[in-house]
1. Per-residue ellipticity at 222 nm for the chain, helices alone: DSSP H runs ≥ 4 residues times -39500 (n - 2.57), over residue total, nearest 500 deg cm²/dmol?
2. Picking from Asn178, Phe252, His167, whose Cα lies most toward the positive end of the charge dipole for segment 145-295 (charges on Cβ: Lys, Arg +1; Asp, Glu -1)?
3. Note down the accessible area of Tyr253, probe 1.4 Å, to the nearest 10 Å².
4. Which entries of Lys351/Lys399; Lys238/Lys493; Lys434/Lys471; Lys45/Lys287 have Cα-Cα distances beyond 26 Å here?
5. Send over the semi-axes of segment 240-356's equivalent ellipsoid, whole angstrom and largest first, taken as the square roots of 5 times the C-alpha gyration tensor eigenvalues.
6. Students sometimes get this wrong: rank His167, His526, His230, His14 by accessible area, probe 1.4 Å, all chains present, largest first.
7. Determine the dipole magnitude for segment 324-457: charges of +1 sit on the beta-carbon of Lys and Arg, -1 on that of Asp and Glu, nothing else is charged, the reference point is the Cα centre, and the result goes in debye to the nearest 20.
8. Please state, rounded to one decimal and in Å, the Kirkwood hydrodynamic radius that segment 175-311 gives when every pair of distinct Cα atoms enters the mean of 1/r.
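The values are calculated or read from the model by the stated rules, or taken from the named source; none is laboratory data. Everything numeric in this text was worked out from a predicted model, so none of it was measured. Positions of Cβ are generated from backbone atoms using ideal geometry, with glycine treated the same way; all protein chains shown enter the neighbour counts. Heavy atoms of the whole protein, side chains included, go into the accessibility calculation; ligands, DNA and RNA do not. Shrake-Rupley method; radii C 1.70, N 1.55, O 1.52, S 1.80 Å.
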Amino acid sequence: MTFFHHLPSVAQLHDLAQDSIDLTKEGVLTAKRINNMMIEALGLKLFYATEKVSEKDISILCQLAEETQAVKKMTDMQNGQIVNFIKGFSSENRPAMHTAVRDFFEQCNTSTEAKQATELGYKELEKLRSFLDEIEKKSQITTVIQIGIGGSDLGPEAIYLALEAFHKLDRKVYFLSNIDPDEGARIFQQVDLEKTLVVVVSKSGTTLETMTNERFAREKFKQAGLTTKHHFVAVTGKGSPMDSKEQYMDCFYIWDYIGGRYSVTSMVGAFVLAFALGMDRFLDFLKGANAMDKVALRSDPYVNLPLMSALLGIWNRNFLRFPTVAVIPYSQAMSRFPAHLQQLDMESNGKGIDKEGHFIEHDTGPIIWGESGTNSQHSFFQSIHQGTTVVPIEFIGFKESQYKEDVFYQQTTSQEKLLANLFAQSIALAIGQKSNNPNTFFPGNRPNRILLADKLDPFTMGAILAFYEHKVVFQGFIWNINSFDQEGVQLGKNLASKMLEQFSLQRQGKSIDTRGFSLGVAYLEHLSFGS
């Protein structure tokens, strides 16, 4: 039996889950409960009265956090200790220091490892500031295309879209990640190449999709008669194949101790976000993330927003046995944020072994998905309310709009309608509706919580990003799994390389190597490519 099952709190929580609270019962979901089950930090309010938890459940969940030393492990991580490891087995065996590259503000971490990482991060940030100042003075660059995939794409694009209201005038960014050539063609049809920079992001400098898309982009510039070096910038690991001043205008560095899905506040996201927002607003974004990093170090879960959210998620996943979570931001600007969280959570905590290499017997990371409200209400909320699978929901909402443009219709504004829908959906999922007509019966008792802020601005977006990063990491600490590697992506990559060898042989008219990859060849026989 693995570590998690030995904990005293786990046995208690299993017992409590057998008779969990019923939110549909009269007198359970009250205004007093809503006010009592709310914690706040940095202008963010986490409402969890509509979760299927009692005060007793929360108390034992807090005991679980203490037994697993969740906050101590978070402190160790931020101090630069090695947290990315599988004991006794070959693994990456290194720190996870994404918090260090945004620790430029108040009460900076004083550990030697963190200070060194912060200094490196600050050096790159100052270099970026100078680079962007020169670009603005000496050229007419108005567009950046970021080429990358996974963590080099999802997070930066999600934040870019979320903060579009704060972009500098005449600044546009495109993201090219999919190896699908139609996506590259679509993007390059829309840009003026003379006014465009291409930022190629790959820590290893060898990512197949990224290298292929870079070649696609370079061909476009050559066809236009432009010198590619004057339009290409690298964001990569020091010493990688991309670390070349001969091929790029300049190179900005990222480090092994920052995982792709945690890299938005590193140079991976810094270049495009500082270009689009300006350096001052980008620093506000970093400041919000850094402030939430400090919140995550608080020992009391009742004032530690990401830890409380992590514990609620563990209650739903391990004790109420719900396999999936939907993230629904009531903000169109955050339409791509659920996709980023999908990678952040599922690549971090979609693990089947613990940090000692034992196959585990408890559930780990849930399936994460989502879409923006109110659009989602008119698509999959039928299933959310009346389907046979209970889906916990994490709502995100904002009191104010970004642009301050609105319309007064039927006695209310659009923003008021947006918020009314958010709160109504939360309440409806919790209390349901009794009816003699089974078609209009809503079972209710469906857990959800709300993260509410005043306004989606750079500081708040940074805080929300870090809130979710730390929620995921806390869950990994409590489950005793490694949230910082991603071996699960490697097998498919390796087999794809074998498949590509067969494509190459076929194109050259050579015999296909059925011994090397007979299963792949079975598919290949149904395709025919010309030379």
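1. Mean residue ellipticity, 222 nm, calculated: -13000 deg cm²/dmol.
2. Toward the positive end, the furthest listed residue is Phe252.
3. 40
4. As for pairs spanning more than 26 Å Cα to Cα, those are Lys351/Lys399; Lys434/Lys471.
5. In descending order the semi-axes read 31, 19, 16 Å.
6. His526, His230, His14, His167
7. Roughly 400 debye for segment 324-457.
8. 17.0
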